[in-house]
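The values are calculated or read from the model by the stated rules, or taken from the named source; none is laboratory data. Keep in mind the model is a prediction, meaning the values are calculated, not measured. Note that we place each Cβ from the backbone using ideal geometry, even for glycine, and neighbour counts take in every protein chain shown. Surface areas here come from the heavy atoms of the whole protein model, side chains and all, with no ligands, DNA or RNA. Shrake-Rupley method; radii C 1.70, N 1.55, O 1.52, S 1.80 Å.
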Amino acid sequence: MPGAVTKQAETVQNLWNGSWIAALATGVVVWGLILWSVAFHRKKKHSKEELPPQVRYNLPIEILYTVVPIIMVGVFFFFTARDQNYINIVSGQAPVKVKVEGFQWSWRFTTEYNGKKVEVVGKPVGDYTQGPQLMLPVNQKVEFDLVSPDVIHSFWVPAFHFKRDVIPGVENKFEVDTLDKPAVYAGRCAELCGVDHSRMLFNVKLVPQAEFDQYIASQAGAQ
């Protein structure tokens, strides 16, 4: 369904699905070989042999179980690196830029758009609707810049199917294409960061572009 997830989340989901399919296929082959060995190489009922014939070397099999895993790991690495590079692209051309500061135990959002800035600072709350609200336009590219002055936090909006750690002293930027459905989405810290970690809640409100323009103009002027 259009707008169900961000493009970045869709890329991760496709990689995840492909990994599961490959893992299940490998599992079927392995279990098949195990069951085949159990069925056809078990000790015969009236056999006098204590052990089946022992083989010291089997070069084709040794090559097989060495080469095949290398090929599998190589394929996984290729698709993972490809999708990771796509997800981590920061073009610098996003019209909306948001500096996200995670601190014990809330958030500060500084939104920059068309040369104007709007800052929202929160405090620990028990309900995400009462936390600081980050307003963004629907179906728009947004650049996030994550910083922390104290400990590691994690910026997570479950509806976006995307999250990133907020690490002190480490620059962490990424871009996300917002959903195309106006609504209020829950957000939270996904990294245990102290006594009020569970109250480090916020929300993201997606609105039509015209409403976002009006919000920036009014709030920037007031501040």
Using 0.36 nm times the number of residues separating Lys43 and Glu62, minus their current alpha carbon distance, what extension gain do you get? 4.4 nm
Run through the DSSP bridge list for the stretch 79-223 and note the antiparallel percent, rounded to the nearest 5. 75
Could you tell me which of rounded, prolate or oblate describes the chain, using a ≥ b ≥ c as the square roots of the eigenvalues of the alpha-carbon gyration tensor, with rounded for a/c under 1.5 and, failing that, prolate when a/b is larger than b/c and oblate otherwise? prolate
For helix 209-222, what angle does its Cα long axis make with the longest principal axis of the chain, in degrees from 0 to 90 and rounded to 10? 50
Restricting to lysines and to Cα separations under 19 Å from Lys117, and discarding same-chain partners fewer than 8 apart, the set is Lys97, Lys99, Lys141, Lys173, Lys205
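Report the relative contact order of the chain, percent, no decimals, based on alpha-carbon pairs under 8 angstrom and at least 6 residues apart. Don't jump to the answer; show the numbers that get you there.
On the way: 380 pairs, mean separation 48.4, N = 223.
Relative contact order of the chain: 22 percent.
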Taking the Cα centroid of the stretch 111-127 and of the stretch 44-97, what is the distance between the two, rounded to the nearest whole Å? 46
At a 1.4 Å probe radius, which order do Val98, Val29 fall into by accessible area, largest first? Val29, Val98
Quick check: the angle from helix 59-87's long axis to the longest principal axis of the chain, C-alpha only, nearest 10 degrees? 10
About the Cα centre, and with charges only on the beta carbon of Lys, Arg (+1) and Asp, Glu (-1), how big is the dipole of the stretch 1-127? Nearest 20 debye, please. 260
Along each of its three principal axes, how wide is the spread of alpha-carbon positions in the stretch 71-127, in whole angstrom units, largest first? 50, 33, 17
Using only the C-alpha atoms of the stretch 122-183, find the volume of their convex hull and express it per residue in Å³. 98
How would Val68, Val147 rank on accessible area, largest to smallest, probe 1.4 Å? Val68, Val147
With all protein chains present and a 1.4 Å probe, the order of Glu211, Glu101 from largest accessible area down is Glu211, Glu101
Jot down the radius of gyration and Dmax of the stretch 146-221, Cα atoms only, both in angstrom. 14.4, 40
